[in-house]
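Just below is one structure, and these are the notes that go with it.
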């Protein structure tokens with residue numbers, strides 16, 4: 001029986017609340033190898049973010065930026081998410097070197113594009129209309 005990436009993520013989150021993180025990671029890796037599921041690790045880790053956010057009643061918020069977010073940016077993003085969704089954010093910062101500056105926020109199928117290209121596109125559409 002193949003275990004889904006989400007089930008692995010749920011078990012991993014549950015185990016990390018009870019055991020040492022390095023021991024949990026080692027056991028997970030051995031289990032994945034034994035079941036020939038080690039290629040699922042990226043999916044498991046992605047599901048872990050979702051499961052963690054759900055368990056903590058947070059909004060999983062993917063933020064693409066050209067460099068790691070600064071504390072002030074994190075605070076601004078948290079405020080945007082709190083004002084929009086009435087919940088705090090769990091921020092997953094994705095470094096995208098193709099972005100010139102700014103950041104793009106994705107949360108609950110909503111996108112807030114504060115990148116240079118996003119602002120230019122908004123200006124372009126405003127001028128055309």
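Listed values, structure above:
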item: Residue 77 being part of a helix (DSSP H, G or I), touching a residue at least 24 places away in the same chain (Cβ under 8 Å) and out of contact with any helix residue (DSSP H, G or I) (no Cβ under 7 Å at 6 or more places or on another chain); result: yes
item: Criterion: at negative phi and over 14 Å from the mean Cα position of the chain (by Cα) - qualifying residue of 45, 41; result: 41
item: Among (1) under 22 Å from residue 21 (Cβ atoms); (2) under 13 Å from the mean Cα position of the chain (by Cα), the one test that residue 59 misses; result: (1)
item: Only one of 105, 81, 59 that is crowded, with 16+ Cβ neighbours inside 10 Å, closer than 23 Å to residue 9 by Cα and modelled with pLDDT of 95 or more; result: 59
item: Filter result for residue 112 (touching a helix residue (DSSP H, G or I) at 6+ places or on another chain (Cβ under 8 Å) and more than 19 Å from residue 50 (Cα to Cα)); result: yes
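Results for (1) under 25 Å from residue 56 (Cα atoms); (2) at pLDDT 85 or above, shown as yes or no for each residue.
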site	(1), (2)
3	yes, no
7	yes, yes
11	yes, no
14	yes, no
19	yes, no
33	no, yes
39	no, yes
42	yes, yes
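Every residue, every condition in (1) surrounded by 17 or more Cβ atoms within 10 Å (Cβ to Cβ); (2) modelled with pLDDT of 90 or more, yes or no:
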site	(1), (2)
53	yes, yes
63	yes, yes
68	no, yes
87	no, yes
95	no, yes
125	no, no
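The values are calculated or read from the model by the stated rules, or taken from the named source; none is laboratory data. Predicted model, so just to flag it, every value in this text is computed and none were measured. Don't worry about glycine lacking a Cβ; one is built from the backbone with ideal geometry, like all the others, and counts go over all protein chains shown.
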